[in-house]
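Where a number appears in this text, it was derived from the coordinates with a stated rule and is not lab data. Computed from a predicted model, the values in this text were never measured in an experiment. Using ideal geometry, Cβ is built from the backbone for each residue, glycine included, and neighbour counts are taken over all protein chains shown.
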Amino acid sequence: MYHTTGMSHLKLKEYRSLLHNKLINLEPKQEINDEWEQIKTAIVDAARDVIQIQGKPPRNEWWDKKCKKLFKKKKKTKQGKNGYN
């Protein structure tokens, strides 16, 4: 996944320049699928070199040890009331 939201103008300019250079240097191919693979590889490589792959953001940033402890306490209390152990 590529995150471009916080990308600086300089990074975007660097990406475009690198991509442009990669696309200009492509060898002409007879098959359209081979052409597409070259273009796709150039795009992905340029993005990987400049933007870099980022990990997924945490799903529940607000979920911490305190929340987990309270959730377990609530679950334990609920199980006790229903006769589950």
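Here the simple spin-label model places points 7 Å from the Cα toward Cβ, and for R59 and F71 these points are separated by 0.9 nm. Scaled to the globular estimate 2.2 N^0.38 Å, the Cα spread of the range 9-60, given as radius of gyration, is 1.43. With each label modelled as a point 7 angstrom along the Cα→C-beta vector, the S17-I32 pair spans 3.5 nm. Under 18 Å of direct C-alpha separation, and excluding same-chain neighbours fewer than eight residues apart, K56 reaches these aspartates and glutamates: D64.
Listed by chain and number, the lysines whose C-alpha is less than 25 Å from the C-alpha of K74, apart from same-chain residues fewer than 8 away, are K65, K66.
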